[in-house]
Amino acid sequence: MGITKITGRRKNVIPDELVELCKKRMEPYPCEGFVYGRGPVNPTLMVVGEAPGETEIHNGIPFSGRAGKVLNECLEYLGVSREDVYFTSSVRSRPYKKVGHKNRAPTMKEQIAHAPILDYEMEHIKPKQLVTLGNIGLQRLLGKKYTISKVHGQLLHSPIRRLMSLDTNEWVTSKEEYAIFPTFHPASIFYNRTLLKKMYSDLDILKKILAEK
């Protein structure tokens, strides 16, 4: 597989061969569409979410739906432009419920199927600061022992999980250590408004962290 050189701002930084491989790996699962990560190389923030929703798979823009509007407000609060953020997610296709065709959280098998894409991005985008949204993004990088309720608002310095190879489902630990800041997924406030105050408390901490970088 040829490696694509990543320079400047591009909509797609993933080799086409890798995209097609991951799409094929996703075929057994009830998921639809494909949304590329978007943003600059060496971004101020890399935001790692769960998976695109219905809006995103139609327009191809990460975090452009209802939760994306909340995220935009969070970025404005931080004083960070979307142009300085690389947006990605654990899964790049929209997982849906077979009954009702509504959004759902991606399963571990679906995350493993798409894992090579996020692994590639982590290796080539070189984010200064990672922000994970909710448990899916957090646990994709750090494992099940981490939960958003326990570590939100904390700056973690840690290696991350990546697949050992394209032919295995076994996770290994990266050689590199990353700065990871977990907070709540913007969509969570639609179901629990009390989380909004906690989210903005986290943002106050993140704002100080970014000011020191």
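The values are calculated or read from the model by the stated rules, or taken from the named source; none is laboratory data. It should be emphasised that the depicted structure is a prediction, and the values quoted were computed from it without experimental measurement. Quick reminder, even Gly has a Cβ in these numbers, built from the backbone with ideal geometry, and neighbours come from all protein chains shown. Accessible surface areas use protein heavy atoms only, side chains included; no ligands, DNA or RNA. Shrake-Rupley method; radii C 1.70, N 1.55, O 1.52, S 1.80 Å.
Scanning segment 181-193 for residues that are open to solvent by less than 20 Å² (accessible area, probe 1.4 Å) and touching a residue at least 60 places away in the same chain (Cβ under 8 Å) turns up Pro186, Ile189. Could you tell me whether segment 193-206 includes any residue that is small (Gly, Ala, Ser) and touching a helix residue (DSSP H, G or I) at 6+ places or on another chain (Cβ under 9 Å)? For segment 193-206, residues small (Gly, Ala, Ser) and touching a helix residue (DSSP H, G or I) at 6+ places or on another chain (Cβ under 9 Å): absent. When restricted to residues that are within 17 Å of Gly49 (Cα to Cα) and without any contact (Cβ under 8 Å) to a residue 24 or more places away in the chain, segment 141-163 contains 4. Have a look at Leu138, Leu210, Leu196, Leu166 and point out the one that is farther than 15 Å from Ser89 by Cα, in a helix (DSSP H, G or I), aliphatic (A, V, I, L, M) and in contact (Cβ under 8 Å) with a residue 12 or more places away in the chain. Testing whether each residue is farther than 15 Å from Ser89 by Cα, in a helix (DSSP H, G or I), aliphatic (A, V, I, L, M) and in contact (Cβ under 8 Å) with a residue 12 or more places away in the chain leaves just Leu210.
Which one of these is out of contact with any Phe, Trp or Tyr (no Cβ under 9 Å at 6 or more places or on another chain) and either closer than 16 Å to Phe181 by Cβ or open to solvent by 30 Å² or more (accessible area, probe 1.4 Å) (or both): His101, His114?
When all the criteria are applied, what remains is His101.
Which one of these is in contact with an Asp or Glu (Cβ under 7 Å, 6 or more places away or on another chain) and modelled with pLDDT of 95 or more: Thr132, Thr183?
Sole residue among the options that is in contact with an Asp or Glu (Cβ under 7 Å, 6 or more places away or on another chain) and modelled with pLDDT of 95 or more: Thr183.
Within segment 80-87, can one find any residue that is among the hydrophobic types (A, V, I, L, M, F, W, C), within 24 Å of Asp204 (Cβ to Cβ) and not in a strand (DSSP E or B)? Yes, because at least one residue in segment 80-87 is among the hydrophobic types (A, V, I, L, M, F, W, C), within 24 Å of Asp204 (Cβ to Cβ) and not in a strand (DSSP E or B).
Going residue by residue through segment 61-84, is there one that turns out to be within 15 Å of the chain's Cα centre (by Cα), hydroxyl-bearing (Ser, Thr, Tyr) and crowded, with 18+ Cβ neighbours inside 10 Å? Yes, because at least one residue in segment 61-84 is within 15 Å of the chain's Cα centre (by Cα), hydroxyl-bearing (Ser, Thr, Tyr) and crowded, with 18+ Cβ neighbours inside 10 Å. Can we say His152 is open to solvent by 40 Å² or more (accessible area, probe 1.4 Å), in contact with a strand residue (DSSP E or B) (Cβ under 8 Å, 6 or more places away or on another chain) and closer than 18 Å to Tyr77 by Cβ? When the stated conditions are applied, His152 passes them.
Counting only residues that are part of a loop (DSSP other than H, G, I, E, B) and of a type outside the set (A, V, I, L, M, F, W, C), how many does segment 141-163 have? Step through it out loud before you land on a result.
Of the residues in segment 141-163, the ones part of a loop (DSSP other than H, G, I, E, B) are 143-147, 152-155, 159-160.
Those still in the list that are of a type outside the set (A, V, I, L, M, F, W, C) too: 143-147, 152-154, 159.
Of the residues in segment 141-163, 9 are part of a loop (DSSP other than H, G, I, E, B) and of a type outside the set (A, V, I, L, M, F, W, C).
Inside segment 15-37, residues that are surrounded by 21 or more Cβ atoms within 10 Å (Cβ to Cβ) and either among the charged types (D, E, K, R) or part of a loop (DSSP other than H, G, I, E, B) (or both) make up a count of 2.
Condition check ((1) more than 12 Å from His185 (Cβ to Cβ); (2) assigned to a strand (DSSP E or B); (3) at pLDDT 95 or above) across all residues:
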position: Gly39; (1), (2), (3): yes, yes, no
position: Met46; (1), (2), (3): yes, yes, yes
position: Pro52; (1), (2), (3): yes, no, yes
position: Lys69; (1), (2), (3): yes, no, yes
position: Glu73; (1), (2), (3): yes, no, yes
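Using the structure shown, decide if Lys208 is under 16 Å from Ala105 (Cβ atoms) and surrounded by fewer than 15 Cβ atoms within 10 Å (Cβ to Cβ). Considered against the rule, which asks whether it is under 16 Å from Ala105 (Cβ atoms) and surrounded by fewer than 15 Cβ atoms within 10 Å (Cβ to Cβ), Lys208 comes out as no.
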